[in-house]
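This report concerns only the one structure given below.
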Amino acid sequence: VQLQASGGGLVQAGGSLRLSCAASGRAFSRDAMGWFRQTPGKERECAAAISWNGGITYYADSVQGRFTISRDNTKNTVYLQMDSLKPEDTAVYYCATSGRLERLRLPTPQVDYWGKGTQVTVSS
């Protein structure tokens, strides 16, 4: 099983990026998926998560209204559209899966699979 994240890069404040995470090895259409982010010295935090059918989404307060998570189960892929980016959004972003969305939101997330991170850097 592999989760391959892509789409990170360098962008100016106010700009946009779209992250993608393609899963392979098995179908994830019944799994919740999420995007976490981590900066040096800080714990990894769940920025956004989505239920298996896209019917329920979760956003951290810090990204609410600026980020949009979506998924395409036919492509086994989850996306994170990031708009109005701020320098404080700079982090390594990781995708993850879990059997239930609630498990991704736990203080210690219960993650079944992690993807490799992709760096997002927002310059001021």
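The values are calculated or read from the model by the stated rules, or taken from the named source; none is laboratory data. Computed from a prediction, not measured in an experiment: that's the story for all the values here. Every residue, glycine among them, receives a Cβ derived from its backbone with ideal geometry; neighbour counts consider all protein chains shown. SASA here: full protein model, heavy atoms, side chains in, ligands and nucleic acids out. Shrake-Rupley method; radii C 1.70, N 1.55, O 1.52, S 1.80 Å.
Of all the accessible heavy-atom surface of the chain, with the other protein chains kept in place and a 1.4 Å probe, what percent is carbon and sulfur? The C+S portion of the solvent-accessible surface of the chain is 46 percent. Charged neighbours of residue 100, selected by a Cβ distance under 12 Å, balance to 0 (K, R count +1; D, E count -1).
Between residue 30 and residue 60, the modelled label-to-label distance comes to 3.1 nm, taking each label 7 Å out from Cα in the direction of the beta carbon.
Please list the non-local residues whose amide H lies under 5 Å from the amide H of residue 71, H modeled 1.01 Å from N, same-chain partners needing a gap of 5 or more. Distant-sequence amide H within range of residue 71: 79. A simple charge model with +1 on the Cβ of Lys and Arg, -1 on the Cβ of Asp and Glu and nothing else charged puts the dipole of the stretch 25-124 at about 260 debye relative to its Cα centre.
Local charge for residue 76 was computed over the other residues whose Cβ lies under 13 Å away, with Lys and Arg +1 and Asp and Glu -1, and equals +2.
Classified by the C-alpha gyration tensor, the stretch 63-124 has a prolate form. Its axis ratio a/c, with a ≥ b ≥ c, is 1.5 or above, and a/b is larger than b/c. Restriction of the GluC sites (Glu not before Pro) in the stretch 27-124 to DSSP coil positions whose beta-carbon has at most 16 other beta-carbons within 10 angstrom yields 43. Beta-bridge orientation, the chain: approximately 90 percent antiparallel, per DSSP, counting only bridges with both partners inside.
Seen from residue 1, the other residues with C-beta closer than 12 Å to its C-beta sum to a net charge of -1, counting Lys and Arg as +1 and Asp and Glu as -1. The slack between residue 13 and residue 108, meaning 0.36 nm per residue of separation minus the straight C-alpha distance, is 31.2 nm. Considering only 55, 84, 24, the residue lying farthest towards the positive end of the dipole of the chain is 24, judged by Cα position with unit charges set on Cβ. Mean projected area of the convex hull spanned by the Cα atoms of the stretch 1-88, taken over all viewing directions: 6.0 nm². Fully extending the segment from residue 116 to residue 6, taken as 0.36 nm per residue of separation minus the present Cα-Cα distance, adds 38.7 nm. For the chain, the solvent-accessible area works out to 52 Å² per residue, with a probe of 1.4 Å and every protein chain left in place.
Cys residues of the chain that find no other Cys beta carbon under 4.7 Å: 46.
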